[in-house]
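Read the figures in this text as sums done on the coordinates, not as results from a lab. Keep in mind that what you see is a predicted model, and the values were worked out from it rather than measured.
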Amino acid sequence: MQTVDLAEHTRLLGEVVATLKGLRAEVDRARKGEIAKPVREIAPVALRVQELAMQCTRQFHNLSISQYAVMEGGGESLAHLAGACSQISLAATLCNLAIHHRTEILLHEDADPTPATSRDQLRRAGAELERAVTTYRTVAQQLSHRLASATARREDRQLIAHARTDEPAVASAAARNTPPAEPASRPAARRR
């Protein structure tokens with residue numbers, strides 16, 4: 001189990017909240033605009049949302065292999081963070097769809113020339129980002145409170161110690177339950 005500085009992760013979770021709020025505002029500005037130049041107006045924010053999704057997934061992975069996973073409520077918080085990572089990725093996809101719907105008029109004569117569909121995609125992207133804000137804020141606050149509480153830190157140290165002592169037992173049990181490898185079959189002897 002990887003040891004990680006949970007105070008640093010709390011700080012990073014809080015930074016994600018601020019970044020998500022900024023991206024949400026950018027998506028709203030694009031939605032309220034004319035969307036006359038969709039690539040120029042939407043692609044920059046779509047790229048930043050996708051980059052954030054990758055950063056959040058990386059942080060989620062780091063937390064999942066750290067002591068955080070065995071702390072009180074850690075597993076549940078990780079499940080919430082997995083959902084938030086998906087919401088952020090979905091928001092990036094919706095931004096790309098907004099570009100696509102607005103540029104369809106270049107490909108198809110019967111495409112909708114208004115930005116209504118793109119605006120709807122951007123509205124949905126903003127809603128996904130807002131849900132992710134709520135999740136990240138909640139998880140960051142919970143972790144911060146646990147780290148600030150002496151009682152919670154003591155409970156978590158016990159859970160972490162217990163998990164560490166169980167690791168070798170789990171590994172040896174898995175080894176005992178794994179059937180031995182069968183020898184490679186030999187080619188049949190030739191008859192003379």
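Each Cα pair under 8 Å and six or more residues apart adds its separation to the average, and for the range 69-119 the resulting relative contact order is 26 percent. One compactness figure for the range 87-169 is 1.94, namely its Cα radius of gyration divided by 2.2 N^0.38 Å.
Just the C-alpha atoms of the range 1-91: what Rg/Rh do they give, with Rh taken as the Kirkwood radius?
Numbers: Rg = 15.6 Å, Rh = 14.4 Å.
Checking Rg against Rh, the ratio lands at 1.09.
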